[in-house]
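Colleague: Structure incoming, see below.
The values are calculated or read from the model by the stated rules, or taken from the named source; none is laboratory data. Everything numeric in this text was worked out from a predicted model, so none of it was measured. Cβ sites come from the backbone with ideal geometry, for glycine too, and all protein chains shown count toward neighbours. These area figures cover heavy atoms from the full protein model, side chains too; ligands, DNA and RNA do not enter into them. Shrake-Rupley method; radii C 1.70, N 1.55, O 1.52, S 1.80 Å.
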Amino acid sequence: MARLPILTWPDPRLATPCDPVGDEDVAGLAADMLETMYAAPGRALAAPQVGVLKRLFVMDVSWKEGTPAPRIIINPQILWRSDSMATGPEGCLSIPGVTTDITRATQIRMSWTDLHGQGHTEILTGFAAICAQHEYDHLDGLVTFDRLSPDLRAATEAAYLDTMPT
């Protein structure tokens, strides 16, 4: 396993919709992504954040509070979103140091495939639902800035860019 470099915004790969994972073996990539995520330390990481434009993300929403429970999510689809919404702070490993308030559904039904080709469908709630939606956005070429109003986005982007080394 190896730690991978995490792309930072405004890298154009973060704005590129990803292709589905096909027959390629992604077990090594998923293991490297988990190692990278834990070292960051984050709770999830999408393939485009490490420069791989495939519909794959890893997630472990509880490891900071207890025993790790990693998930490898391949070719996810969000099938349903609840009408119940919550607005709360979200950070992103690709936009270090920036936290923005984002509104998301508090429950989703998501389907995906695991490393063994087994299909799963599950209702995710609370933080797990919010985290999965954040990573799903990455697969569609979206970052948290894309969820902000135009004025707030411009101000937040400008503040972030001011912190970057020239």
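Colleague: Among the numbered conditions (1) open to solvent by 20 Å² or more (accessible area, probe 1.4 Å); (2) not in a helix (DSSP H, G or I); (3) not aromatic (Phe, Trp, Tyr), tell me where Thr156 comes up short.
Modeller: Result: Thr156 fails condition (2) only.
Colleague: Suppose the filter is in a loop (DSSP other than H, G, I, E, B) and under 15 Å from the mean Cα position of the chain (by Cα); does Pro48 pass it?
Modeller: No.
Colleague: Step by step: first the residues of the stretch 9-36, then only those that are modelled with pLDDT under 95 and within 27 Å of Pro68 (Cβ to Cβ), then the one that is most open to solvent (accessible area, probe 1.4 Å). Which residue is that?
Modeller: Within the stretch 9-36, the match that is most open to solvent (accessible area, probe 1.4 Å) is Asp25.
Colleague: For Gly42, state whether it is open to solvent by 60 Å² or more (accessible area, probe 1.4 Å), part of a loop (DSSP other than H, G, I, E, B) and touching a helix residue (DSSP H, G or I) at 6+ places or on another chain (Cβ under 9 Å).
Modeller: Taking the combined requirement at face value, the residue does not satisfy it.
Colleague: For the stretch 102-126, name all the residues that are open to solvent by 60 Å² or more (accessible area, probe 1.4 Å), touching a residue at least 40 places away in the same chain (Cβ under 8 Å) and in contact with a Gly (Cβ under 9 Å, 6 or more places away or on another chain).
Modeller: Thr103
Colleague: Another question, if that's okay. Go through the stretch 71-97 and give me each residue that's crowded, with 16+ Cβ neighbours inside 10 Å and either under 14 Å from the mean Cα position of the chain (by Cα) or at pLDDT below 95 (or both).
Modeller: Arg71, Ile72, Ile73, Ile74, Asn75, Pro76, Ile78, Glu90, Cys92, Leu93, Ser94, Ile95
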